[in-house]
Every structure is written in C-alpha cells, then in structure tokens.
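Values quoted throughout were computed directly from the atomic coordinates according to the rules given, and no laboratory measurement underlies them. Since the model is a prediction, treat every value here as computed from it, not as a measurement. Because the Cβ atoms are built from the backbone with ideal geometry, glycine has one as well, and the counts that use them run over all protein chains shown.
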Amino acid sequence: MRVVVVNNFDSMSDEVAKLVIAQIRRKPASVLGLATGSTPLGVYRLLGEYHKNGEDFSRLLTFNLDEYVGLPGDHPQSYRYYMEENFFSKVGIDRTRTHIPNGVASDLEAECRRYDELIRSTGGIDLQLLGIGSNAHIGFNEPGTPFGSETQVVDLAASTISDNARFFASLEEVPTKAISMGIKSIMQAKSIVLMANGGSKADAVLAAVKGPVTPDVPASVLQLHPSVTIVVDQAAASRL
Ligand code: PGA
C-alpha cells in the first residue's frame, strides 16, 4: 500500500487525475472503476480539462461502484445523473461504454449478477477509484460486509444516510438501499486508488491503513491488495 499525503483537496485531485491519465496513456482501452460523492469531483473536473486539451477518453469502458435503489437515472441525486453531469458529458465518452447498476431494475438480484458478469466479460477493471465513508465503507459496502461479497443489494448504514442527507431535501428522502459492487468485486481490480480529504475521514483512513484487517473496517481489506495507492490530504492523514 503506497500512501501519498498531499496538502489539500486540489492537490489530491491533481495527483489522482494524473494517475488516471497515466493509466489511459498506457492503455487507451482501459476499464475504469469509478466512484461518486464529493471526494472525486475535483478529479472529474480536471479530467474534463485534460479532454479539452486533447486527451482521448473514447476507448474507455467504465463501471461505477454503486447506485441508489429506487432512483432512476434522470433523478438529480442518482449516481447516473451525477456521472453524466460531472464526467461523461465532459470527456466525450459514448454512453454505451459507461456502466452503472440500474437501481430501478425490476429484478435487482438479476441486475447484480448481470453487473458482475459484465465486468468479468471485459477482462476486469484496470484501475478502480475509491472514496471512503466516515465509517470506512468502500462503495456502499458498510461495516460487517463479508470480504467475499460480490455485487449486491445493501442496506445503507444510518451514518451513511445522515452523511448523504446533505444532497437531499430531507433525511427521509435519502434512499435506504443501494446496489453496490462487492468487496470481492473491488479487490479483483488490477490496481486501486483510494482518495480522502478532510478531518472527518481521519479516523477511517487510520483504521484502513494501520488497523487490523477486518470486515468491521471495509477499507482495511485494501491492505491485502498488491497494488493500492492512497492519496490523502493533510487533514485526512492527520491521525496516521
Ligand atoms: P464523499 O463520500 O466523497 O461524499 O465523502 C465518500 C464515500 O462515501 O465513499
């Protein structure tokens, strides 16, 4: 596990964007695993700038980590909508190359199987981007999720629902379930970049990097992966 500590949100975004660009230059048809939330917003903005300056994103395939159950892709808080707004529309990628679990599928279990099969059929994710929850979740794999889990329907932890309530008009509007790529699915990525900024992530980063490897701290599983880079700002690294 390589830990890179940088000054602030902007330098974290810059560092991670450079890692993504290096991956795309090495392999233009890379399969990228993508994250949502506040943390990667700067990375997506910078990747949009790279595209304006001529970087080619057209051969990528992308798979997002998760989607809320019950929100259609045109709902402003759905992750399909977020990705459209913040990334896909900025880098000229054909939407048929972009994959996000369908949170309104009539058969959610079948949707989870379909998603894992689709990832497998591409040969697997080359580079997976991750944020981290204040409870150390990755994707929406909340504490207690078995490390062997594949893509599945999950109940969101109360802390996640309150963390994410800032995006909704009220706490009651936050979905309580999501489809999330599983821990095993994430660990099958060839390389992983986890990013975190802000003091609210300091305990989670400490537990993930230096604590025991346990399902109670989902991100601690990354200690077992052969190619992980953690890019954290000083506030998120303050307890390391
Ligand atoms: P955030 O979420 O980027 O909005 O802090 C991170 C996560 O929950 O994985």
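Holding the Cα-Cα limit at 29 Å, pick out from 27/90; 27/177; 27/52; 27/210; 18/177 the pairs that are longer than that. List each step's numbers first, then the result.
On the way: 27/90 20 Å; 27/177 35 Å; 27/52 19 Å; 27/210 32 Å; 18/177 33 Å.
Flagged as over cut-off: 27/177; 27/210; 18/177.
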- Note on the structure: With no solvent term and unit scatterers on the alpha-carbon positions of region 131-175, Debye gives log₁₀ I(q)/I(0) at q = 0.21, 0.32 Å⁻¹ of -0.71, -1.22
- Cβ-based charge dipole, region 2-233, positive-most Cα from 81, 106, 189: 189
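Calculate how many DSSP beta bridges within the chain are antiparallel, expressed in % of all such bridges and rounded to the nearest 5.
Numbers: 8 of 30 bridges.
Bridges in the chain that DSSP calls antiparallel: roughly 25 percent.
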- Result row for the chain, helices from DSSP H with C-alpha axial extent 24 Å or more and mean Kyte hydropathy at least -1.0, is 9-26
- For region 99-139, what class follows from the C-alpha gyration tensor (a ≥ b ≥ c being the square roots of its eigenvalues): rounded when a/c is under 1.5, otherwise prolate if a/b is larger than b/c, else oblate? oblate
- Query: Which values of log₁₀ I(q)/I(0), to two decimal places, follow from the Debye formula for region 2-233 at q = 0.11, 0.15, 0.18 Å⁻¹ with a uniform point scatterer at every Cα?
  - Reply: -0.50, -1.00, -1.54
- Query: So what is the 222 nm mean residue ellipticity for the chain from helices alone, if each DSSP H run of at least 4 adds -39500 (n - 2.57) and you divide by all residues, rounding to the nearest 500 deg cm²/dmol?
  - Reply: -8500 deg cm²/dmol
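Magnitude of the Cβ-charge dipole of region 1-133, K/R +1 and D/E -1, about the Cα centre, nearest 20 debye?
Using only the charged Cβ atoms, the result is roughly 500 debye.
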- By count of other Cβ within 10 Å, fewest leading, how are 121, 220 ordered? 121, 220
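Ranking request for peptides 131-137, 82-88: highest mean number of other beta-carbon atoms within 10 Å first, then the rest in descending order.
Working: 131-137: 22.4, 82-88: 19.3.
Sorting 131-137, 82-88 by mean packing, highest first, produces 131-137, 82-88.
Which value, in debye to the nearest 20, describes the size of the charge dipole of region 2-233 about its Cα centre when Lys and Arg Cβ atoms bear +1, Asp and Glu Cβ atoms bear -1, and nothing else is charged?
860 debye
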- One finds the C-alpha centres of region 1-71 and region 171-240 to be spaced, in Å, by 16 Å
- Note on the structure: Between the modelled labels at residue 200 and residue 14 (7 Å from Cα along Cα→Cβ) the distance in nm is 2.5 nm
- Message: Along the charge dipole of the chain, pointing to its positive end and built from +1/-1 on Cβ of Lys, Arg, Asp and Glu, which listed residue (140, 232, 175) has its Cα farthest out?
- Response: 232
- The extension gain from residue 85 to residue 216, computed as 0.36 nm times the residue separation minus the Cα-Cα distance, is 43.8 nm
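Determine the dipole magnitude for region 55-94: charges of +1 sit on the beta-carbon of Lys and Arg, -1 on that of Asp and Glu, nothing else is charged, the reference point is the Cα centre, and the result goes in debye to the nearest 20.
Numbers: 3 positive and 8 negative charges, 4 e Å.
The calculated dipole for region 55-94 is roughly 20 debye.
Can you tell me, using C-alpha contacts under 8 Å and at least 6 residues apart, the relative contact order of the chain as a whole percent?
Working: 496 pairs, mean separation 61.7, N = 240.
Over the chain, the number comes to 26 percent.
Given the peptides 67-78, 187-198, arrange them by the average over their residues of other C-beta atoms within 10 Å, most packed first.
Per-residue mean Cβ counts within 10 Å order the peptides as 187-198, 67-78.
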- Add +1 for every Lys or Arg and -1 for every Asp or Glu among the other residues with Cβ under 12 Å from the Cβ of residue 201, and state the total. -2
- Message: Principal axis extents for region 7-47, Cα atoms only, whole Å, descending order, please.
- Response: 29, 19, 13
